[in-house]
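One structure is given here, and the rest of the page talks about it.
Read-outs throughout are calculated quantities, based only on the coordinates presented, and are distinct from any laboratory measurement. The shown structure was predicted, so the numbers you read here are calculated from the model rather than taken from an experiment. Virtual Cβ from ideal backbone geometry, glycine too; neighbours counted across all protein chains shown.
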Ligand code: AGP
């Protein structure tokens, strides 16, 4: 999704902006641009495609000046092109704006502005902003920005520079994150903290409807009533994004291989056999948890799949009624939110617009929200009553891998903790289950050690046009996740299905050309899975099975078998995830695709 940076200070502004944009690259984008004020004019450079193109332009023609803004654009309105890239300008090229979000009423605003003789040069919704500011400017830029904000409907964070008041950036936000980085004789703005961490760790998180005037030595913030307010800076200790793939050809592969280490660290942090089992140190009281009779988990994409596994775990271990909802459905469905309900939000980035909106829905109904999140200080973490951090480290590949397995580990630990609070698990049973969790990192490594087997399978199937993934019970969400991983990076159509549902429709697709990935580890539904595989085989489908070491029966049905180490059913989605990730990865690489930055996708989905 679009990323914003801004800088006021004495360093080379174009270099600071560009280095901020590199840090935002992981979010996904298709074009970029910067604008800097110098000699009373706005100088602008834009590029379509990778940031390298913009970097090369700036290398040849640097922009000097002490105030500037930059942007990476992920197209929503208008194709990726130089005209549609940001900054967008007003008619007289005196106001430049970068925007993240969607202006929902831009068509009516544009119509009006066109009638008032404003000249539009792009197909973007964002271009209405500089024109509105131009219209309202009567000698006070701050006032003009506020009036423009009042006209706009939708979600936005935007930053403005103008030759009329050249020493400042004015920025504001609603529903989309925007932060201020405080430096010495210099200040920065950005869509997220990563972009400024190289220069400062003192961060202000702006609130909705805030307008902020940033100069090199002053930050003034005005709330929705235009009252000047103090927003306390936080110290962000998160690591800077390591843009280093090391020995790996792609970030995705590096992140897949990091999983045993990440899992080991997070498990060690959470389990201490000498103490009473309390893995998360949550502010929501034990009493409140114990009373909870219903859980609603809301999330998007891979995080939603983790939440789906969570539903099975919470119902199994805690006997608590658990619903799983896609955030974009939850937020608009007017869900029944009452009683002793705990709402959980799961998000790697912590900035997913729909998930944040779901949290706000729950808070409006006075429900407690517990989130499972990776990025420290992110909006999801800040707006929830409590946050469980998964500590997976920065995930740069667009396809979520190590964050997913870390979410599953957190959900397993959380459901055991919850079960303990409800007096549903005996001490020795709990100890045995925790010991099984502690074995997971080693088992993950065993899988990675024979990843070549997956490469061989990928070689046999990378030309397929469609895939089906089947699973049952706690591994039905694994089937959904396997299909999502494959389609998002290989562009092969794939669908995940509960195996028992296959005969109600998708079985019609099966023929000798269709690979069907059957997730068949040892489990309470193993025999049912084998029957479903027989049904696939009878129709000549090509079966790729993921099964438990030592399982001989599966070989009689499947064309290919990849074995994972034995583990309890509740932990099997964690191990199953690795061969599914590797399969998607190798297929995408064999098809010659950009695995880390697949087309049309963004890492941080900050618009709905
Ligand atoms: C994962 O591989 C996807 N790229 C995507 O589905 C992602 O999980 C989804 O956008 C949710 O993101 P979040 O976890 O940051 O909220």
Open item on the list: Can you compute the modelled spin-label distance between residue 329 and residue 218, with each label point 7 Å from Cα toward Cβ, in nm?
Closed with: 5.2 nm
Open item on the list: Suppose we keep just the DSSP beta bridges with both residues in the chain; what percent of those would be antiparallel, to 5?
Closed with: 60 percent
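Please report the relative contact order for the chain, taking Cα pairs under 8 Å with a sequence separation of at least 6, and give it as a percent rounded to a whole number. Before the final figure, lay out the partial values.
Details: 1353 pairs, mean separation 71.2, N = 608.
Relative contact order for the chain comes out at 12 percent.
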Task: Viscosity 1.306 mPa s, 10 °C: Kirkwood-radius Stokes-Einstein D of the range 390-433 over Cα pairs, µm²/s - done: 133 µm²/s
Open item on the list: Suppose we look only past 20 Å in the calculated P(r) of the range 518-608. What percent of the Cα-Cα pairs does that tail hold?
Closed with: 48 percent
Task: the range 438-533: radius of gyration and largest Cα-Cα distance (Dmax), Å - done: 14.1, 42
TODO: With a point put 7 Å past each Cα toward its Cβ, work out how far residue 465 is from residue 39 in nm, to one decimal.
DONE: 5.9 nm
- [ ] Post the alpha-carbon centroid distance, the range 145-189 to the range 530-572, in whole angstrom.
- [x] 55 Å
Open item on the list: List residues of the range 114-147, by number, whose backbone nitrogen lies under 17 Å from a label position 7 Å along Cα→C-beta of residue 91.
Closed with: 114-122, 127-139
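Need the full-extension length gain, residue 261 to residue 10, defined as separation in residues times 0.36 nm minus the C-alpha distance. One decimal, nm.
86.2 nm
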Task: Computed lengthening from residue 293 to residue 501, 0.36 nm per intervening residue step minus Cα-Cα distance - done: 72.0 nm
Open item on the list: Shape verdict for the range 556-608, please, from the Cα gyration tensor: rounded (a/c under 1.5), prolate (a/b greater than b/c) or oblate.
Closed with: oblate
TODO: Give the Rg (one decimal place) followed by the Dmax (whole number) of the range 122-266, computed from C-alpha coordinates and expressed in Å.
DONE: 18.8, 60
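Report the relative contact order of the range 287-368, percent, no decimals, based on alpha-carbon pairs under 8 angstrom and at least 6 residues apart.
38 percent
Give me 553, 255 ranked fewest to most by other Cβ atoms within 10 Å of their Cβ, as a rough exposure proxy.
Values: 553 13, 255 25.
The most exposed by this proxy come first: 553, 255.
In square nanometres and to one decimal, what's the mean projected area of the convex hull around the Cα atoms of the range 1-151?
Averaged projected area of the range 1-151's Cα convex hull equals 8.5 nm².
Would you calculate a helix-derived [θ] at 222 nm for the chain, using -39,500 (n - 2.57) for each DSSP H run of n ≥ 4 and dividing by the full residue count, to the nearest 500? Present the calculation step by step, with values, prior to reporting the outcome.
Values: 19 runs with 222 residues, N = 608.
Here the helix-only value at 222 nm equals -11500 deg cm²/dmol.
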Task: Three-way shape label, the range 368-442, alpha-carbon gyration tensor, a/c 1.5 - done: oblate
- [ ] Can you tell me the alpha carbon radius of gyration of the range 197-265 divided by the globular rule-of-thumb value 2.2 N^0.38 Å?
- [x] 1.73
Open item on the list: Averaged across orientations, what area in nm² does the convex hull of the alpha carbons in the range 363-513 project?
Closed with: 13.0 nm²
Task: Label point distance in nm, residue 108-residue 143, each placed 7 Å from Cα along Cα→Cβ - done: 2.6 nm
Open item on the list: From the Cα trace of the chain, what convex hull volume per residue do you get, rounded to a whole Å³?
Closed with: 158 Å³
Task: Whole-Å distance, taken between Cα centres, linking the range 218-277 and the range 295-371 - done: 22 Å
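Rounded to the nearest 0.05, what FRET efficiency do residue 61 and residue 82 give with R0 = 22 Å and r taken as the Cβ-Cβ distance? Could you check? Show your work: numbers first, answer last.
Numbers: r = 15 Å, r/R0 = 0.68.
About 0.90, to the nearest 0.05.
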